[in-house]
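Have a look at the structure below, then the notes.
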Amino acid sequence: MTSSAEPAEVVVTRGDRIVCSGRRADLASYPAAQVHDLGGKFLCPGFIDAHHHLSIAALHPSWADVSGVKTLEELARVLGAYAARHPAVPWIRAANWTDIESAFRPTRRDLDAMGLDRPVLVAHYSLHQGVVNSSGLDALGISPATPDPLGGEIGRDEDGAPNGLLIERAWSEAHRRSLSPYDDPAHWADHIEALALSLPADGITAVHDTACPPEAEAAYRSLAASGRLALSVLVCPHPGRLLHAPEADRLDGAPTGEGDELLRVGPIKLFADGGVAPALDVHLGGERIVFGMLFEGLGEQVKAAVSKGFRVAVHALGNAGLDAALDAFTGAARASDVDHRFRVEHVCLASPAQLERLAELGGIAVVQPGFLHHLGRQVEDVSFDDATWLPFADVKRSGAVMAASSDCPCTFYAPLRTSAHGASRRTGSGKVLDLVQTVSYEDWLRAYTAGAAYAGGQETERGSLAPGLRADLVVLDGELDADGPPTIAQTWIGGHLVYEAQ
Ligand SMILES: [Zn+2]
């Protein structure tokens, strides 16, 4: 992660910049330098989490946490306690519902039976679906006669009555409504400030907030202006109605690149397919399987954003979603010949030919090695004929730039831990998924630094140990070994030591 092929022996910083990255002998040019001997520990650029929902993750402590809940009795107890503690909140919101290990799927009737006095939303950990009670359905105006929205599905009983489950774009409005008590920018800023302060302990010195509504953008601006933003943020604008097309007035606002090193506007975030319903078009044992939801209008959305001076980052989880993203990129590339730096977020199921197409377009795969833990576990026994799950080695072979990230709060975010999964291919059940797709630990660190900086259009300010770049640094204790990963010894931001292990 230096500007040359040689690892550096010495890095010299002055103020918030790296001024030298070279050999031990170079120190002679800096006789007044204060020397920190790292005692053989490994120094690398600060980690950039290229897909982290910092603003939404910051609100999670405000909600009832149901991550460990696997029974209705437990859910009733947690929601009841939350309702009693928060009598004035109009929606009772639970976060981190998971159905992976226990197939735990509450319904509208289950929630109604808890006798709570308000709308309730139990939000799935993926932030792509949720379950509401009858009062919630009423507040959203959803009745048996309501048709499924485009790109979404209203779960129904056999008689057609909504069962409370709202999938993909059918859940977006419930998300927005239940968020509204917390989205006042001043209040939101306090939560973001608190979470941002904790990230350097995991070596994170910058994040891309990959679905940032206007109120969160305002919160970031106020934090940056008042010196309260602990790390660099690249905001990827997105409407409050999660998963939907960008609002016209945001496209008239600050475009990609505007801002400074602390807070900059990144690409517009768009969606090609679902998260719990990714669009798949694959073959299994010779038989074609078509599954999931493609969101319409992506080509037009990409063109509109590009014409207003934005780059784009497109969520594409399934291989059919990836095809839609590649088609949209091809259309935009034809219309204008600029450095588009197209980003595909997730790339969870792809063929080598698709990845080569991404590379030819100069695109970037923004991937999540930590997904081996939960998604990897779900697909252990599903091996398609024509596309591969979490095809990280194929991404590397294709020549497309690989940027690493967590997708926090949908999963754990510590880069040294997610990288261990990416290098070992170990899933949450302890099995190894498709060992030929292994990418080395060192390559993951490169994807968390140089790759992520490139994905953010910030390679001239961060992501490698090169003179002129920001002195955002981490010191690692231990070997780059997936089975016994290193730990963070120190984190430096802008030349200041901000974290040191005790
Ligand atoms: Zn995400």
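We did not get these values from a lab; they are worked out from the coordinates using the rules stated. All of these numbers come straight from a predicted model, not from anything done at the bench. Because the Cβ atoms are built from the backbone with ideal geometry, glycine has one as well, and the counts that use them run over all protein chains shown.
Per 10 Å bin, what is the whole-percent P(r) computed from every C-alpha pair distance within the stretch 179-303?
12, 35, 29, 16, 7, 1
With a 10 Å radius around each residue's Cβ, average the other Cβ atoms per peptide and rank 363-373, 115-125, highest first.
Averaged packing, sorted descending, gives the order 363-373, 115-125.
Let me check I've understood the local charge: for E287, count other residues with C-beta under 13 angstrom from its C-beta, Lys and Arg +1, Asp and Glu -1. What total comes out?
The answer is -2.
Where the centre of each part is set by its Cα atoms, how far does the stretch 425-502 sit from the stretch 55-96, in angstrom?
Value for the Cα centre distance between the two parts: 33 Å.
First select every other residue whose beta carbon is under 14 angstrom from the beta carbon of D159; then total the charges, Lys and Arg +1, Asp and Glu -1.
Net of charged neighbours comes to +1.
Just the C-alpha atoms of the stretch 1-142: what Rg/Rh do they give, with Rh taken as the Kirkwood radius?
1.33
Taking the Cβ of D327 as the centre, find all other residues whose Cβ is under 14 Å away and add up their charges (Lys, Arg: +1; Asp, Glu: -1).
Result for the neighbourhood of D327: -3.
Output needed: percent of Cα pairs per 10 Å distance bin for the stretch 170-248, bins running from 0 to the one holding the longest distance.
18, 48, 28, 5
What is the P(r) of the stretch 368-437, as percent of Cα-Cα pairs per 10 Å bin from 0?
Calculated P(r), rounded to whole percents: 21, 54, 24, 1.
Taking a spot 7 Å from the Cα of H187 along the direction of its beta carbon, which residues of the stretch 75-89 have an amide N less than 19 Å from it?
82-89
Using a/c under 1.5 as the rounded threshold, could you call the stretch 416-502 rounded, prolate or oblate? The axes a ≥ b ≥ c are square roots of the C-alpha gyration tensor eigenvalues, and prolate needs a/b larger than b/c, oblate otherwise.
oblate
Could you check what % of the DSSP bridge pairs in the chain are antiparallel, to the nearest 5?
Around 55 percent of the beta bridges assigned by DSSP in the chain are antiparallel ones.
Based on DSSP H runs of at least 4 residues, each adding -39500 (n - 2.57), what is the mean residue ellipticity at 222 nm of the chain after dividing by all its residues, to the nearest 500 deg cm²/dmol?
Result for the chain: -8000 deg cm²/dmol, rounded to the nearest 500.
Normalized C-alpha radius of gyration of the stretch 1-50, against 2.2 N^0.38 Å?
1.20
Quick one: how many lysine pairs in the chain have C-alpha atoms under 26 angstrom apart, if they're 8 or more apart or on different chains?
5
For the stretch 235-393, what is Rg from Cα atoms divided by 2.2 N^0.38 Å, rounded to two decimals?
Dividing the Cα Rg of the stretch 235-393 by 2.2 N^0.38 Å gives 1.05.
Note down, for the chain, the three equivalent ellipsoid semi-axes (square root of 5 times each alpha carbon gyration tensor eigenvalue), biggest first, whole angstrom.
37, 26, 23
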